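Remarks on the structure that follows.
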Amino acid sequence: MRTMALRQPAPAAESPLVPEDRPDPEPSAGEIRLRVTACAVCRTDLQICEGDLAPRRLPVVPGHQVVGVVDAVGDEVLGWACGDRAGLTWLAGTDGDCRFCRSGRENLCEAATFTGWDRDGGYAESVTARADVAVRLPDGYPDLAAAPLLCGGIIGYRALRVAGIGPESRGARLGLYGFGASARLALQVARAWGVEAFVATRAAGERDRALQLGAAWAGGYDDRPPVPLDAAVTFAPVGSVVASALRALDRGGVVAINAIHLDGLPAMPYEDLWLERSIRSVANVTRQDAREFLALAAQIGIVTDIETHPLEAANEALARLAAGRVTGSAVLVVGALSGIVAETSAMPR
């Protein structure tokens, strides 16, 4: 099979991924194998490839927003059969028995493993995964449209919940700081819940797109929204953006930091945090997050904006992401879809 593998982290502009031909992996007991059709490119992939996140193993095949078809099933697997359509997320496995797993917080499991970091991911024609973490995809979503849901969508959904935003929050005022792929999906969820969204981002084109998707206001990171915010989610991996979001909060508001890596937090006056404002981090996802979000995505018809790249152009996709030139999500086209140049990703409403 063809893969794009990371042997040594390097800047995206230096093409850190190398093409490798490998034997198809064989699923162990409790595992399935997917014939990959699409894999969306995530900022976490970029951070692994550039070394912002220390590698867990090398070489490794990145990619954790994986769509494919089951073509081999290991022993002791229930509920999956060859021909089933499946997706993989960031969560590759947990011990299932620690205090975090037993209390529904498997995202905090100390023994958790992650796709494309601890085990090979979807920048390849085939990938194996634990059957109990693979997810079923909503009917009607094309493979390329479904791929960005599997991290950007799920983690954005979790970030909203961590910030205290849900279907019961109609009329609440939410700030979204940064407007990449995950924020675009989170905005659509917030609007479906009747939440007013206020978007801060540095690019004028992203502000226009936010308004087109239903944001009540769009401005720059240093601009104060026209009303105090009940909650905010920061997507930019920049600590100064967290400080801006905190200053925009109303009393009792929450800032949820949706980042696995942040460049640091600046000194902030206590007055910005006082009056029971709070800052929370968002760490990983759970299987329940995935089930809830994918069901919601199908219900409300979430739209993903994509640009496509062949598997061999994974370095180009990473470089475009690093330079801020990706509109929506970059998706690698693999396997049976490899002849596709582009695909419309909008779900019918």
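The figures follow:
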quantity	calculated
Residue match in the range 153-162 (condition: modelled with pLDDT of 95 or more and either part of a loop (DSSP other than H, G, I, E, B) or within 30 Å of R22 (Cα to Cα) (or both))	no
Residue identified as surrounded by fewer than 24 Cβ atoms within 10 Å (Cβ to Cβ) and touching a residue at least 12 places away in the same chain (Cβ under 8 Å) among R105, R99	R105
Only one of P225, P237 that is touching a His at 6+ places or on another chain (Cβ under 9 Å) and in contact (Cβ under 8 Å) with a residue 40 or more places away in the chain	P237
Flag for D71 being in a strand (DSSP E or B), closer than 21 Å to L150 by Cα and either among the charged types (D, E, K, R) or modelled with pLDDT under 95 (or both)	yes
Residue match in the range 312-328 (condition: among the acidic types (D, E) and in the same structural domain as S15 (by TED's automatic domain parsing))	yes
Residues of the range 163-182 that turn out to be part of a helix (DSSP H, G or I) and over 16 Å from S281 (Cα atoms), as a count	1
Of residues in the range 287-304 being buried (at least 21 other Cβ atoms within 10 Å of the Cβ) and among the β-branched types (V, I, T), the one modelled with the highest pLDDT	I302
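A quick yes/no check of all residues on (1) over 22 Å from E316 (Cα atoms); (2) touching a Gly at 6+ places or on another chain (Cβ under 6 Å); (3) exposed (fewer than 15 other Cβ atoms within 10 Å of the Cβ); (4) aromatic (F, W, Y):
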residue	(1), (2), (3), (4)
M1	no, no, no, no
A40	no, no, no, no
L53	no, no, no, no
V60	no, no, no, no
V66	no, yes, no, no
V73	yes, no, no, no
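The values are calculated or read from the model by the stated rules, or taken from the named source; none is laboratory data. Note that this is a predicted model, so its numbers are computed, not measured. Reconstructed Cβ throughout: ideal geometry from the backbone, glycine too, with neighbour counts over all protein chains shown.
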